[in-house]
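Asker: Supplied in structure tokens, the structure appears directly below.
Coordinate-derived values only; no laboratory data. A quick note: this is a predicted structure, and the numbers were derived from the prediction, not measured. Counting neighbours? That spans all protein chains shown, and the Cβs are built from the backbone with ideal geometry, glycine included.
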Amino acid sequence: MIRFIYAGVFALSISVMSCQENKKEEETVPEAVKTAFQKKYPGENDPDWEKDDHGYWESHFKKNGEKYRADFNADGTWVETENDIKKKELPEVILDIIKKDYSEYEITEVEHVQSATRGEFFDVEFKQKGKNKDVMFKPDGTIIK
């Protein structure tokens, strides 16, 4: 019986430490990043933060009921903002290109992206063997290499 009590206490301790770790991560978001986020998205007061594999600070938030993700460098420089959209929301010219040149692929994800370096584009992910294929389209249908 005492083993079960110790096991329970241990599991609870791990759980509490895990929550503390997440809180600690959020608290380390640089002030410059928080300030830049507030300037870019005034009124969005409760983003969830995490540091991604590229070293960017990623904010997850909702705007008009839709989920968004915005990336910032540690100095507060905005990198990009993206949100998932439905295939039917793509510009007609892109839908035509997909029908003509990518009809053998299944679409797994479509994102509308605003980027500091590339401007506005749509990132379409196609299913294929191995790693999925991403194709980035400008709104006029031009493919970004």
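Asker: Put a dot 7 Å past each Cα toward the Cβ at Leu95 and Lys127; how far apart are the dots in nm?
Answerer: If labels sit at Lys127 and Leu95, their model points lie 2.1 nm apart.
Asker: Please identify every one of the chymotrypsin sites (Phe, Trp or Tyr not before Pro) in the stretch 53-145 that sits in a loop by DSSP and has no more than 15 other beta carbons within 10 Å of its own beta carbon.
Answerer: Values: sites: Tyr56, Trp57, Phe61, Tyr68, Phe72, Trp78, Tyr102, Tyr105, Phe121, Phe122, Phe126, Phe137; in loops: Tyr56, Tyr102, Tyr105.
Qualifying residues, ordered by number: Tyr102.
Asker: Can you put Leu95, Leu90 in order of Cβ neighbours within 10 angstrom, beginning with the fewest? Can you show the working numbers first?
Answerer: Numbers: Leu95 14, Leu90 21.
Ordered by Cβ neighbours within 10 Å, fewest first: Leu95, Leu90.
Asker: Please identify every one of the trypsin sites (Lys or Arg not before Pro) in the stretch 52-110 that sits in a loop by DSSP and has no more than 13 other beta carbons within 10 Å of its own beta carbon. All intermediate terms of the calculation are to be shown ahead of the outcome.
Answerer: Values: sites: Lys62, Lys63, Lys67, Arg69, Lys86, Lys87, Lys88, Lys99, Lys100; in loops: Lys86.
Qualifying residues, ordered by number: Lys86.
Asker: Taking 8 Å as the Cα distance limit and 6 or more residues as the minimum spacing, I'd like the relative contact order of the stretch 31-144 as a percentage.
Answerer: Working: 195 pairs, mean separation 18.7, N = 114.
After rounding, I find 16 percent.
Asker: Over the stretch 31-144, what lengths in whole Å, largest first, do the semi-axes of the equivalent ellipsoid take, defined as the square roots of 5 times the eigenvalues of the alpha-carbon gyration tensor?
Answerer: 29, 14, 13
Asker: A further question on this structure: Can you put Ser103, Ser59, Ser115 in order of Cβ neighbours within 10 angstrom, beginning with the fewest? Write down the numbers at each step before the final one.
Answerer: Working: Ser103 7, Ser59 24, Ser115 17.
The most exposed by this proxy come first: Ser103, Ser115, Ser59.
Asker: I've got another one for you. Which is farthest toward the positive dipole end of the stretch 31-144 among Ser59, Phe72, Gln128, measuring Cα position about the Cα centre, with Cβ charges +1 (Lys, Arg) and -1 (Asp, Glu)?
Answerer: Value: Gln128.
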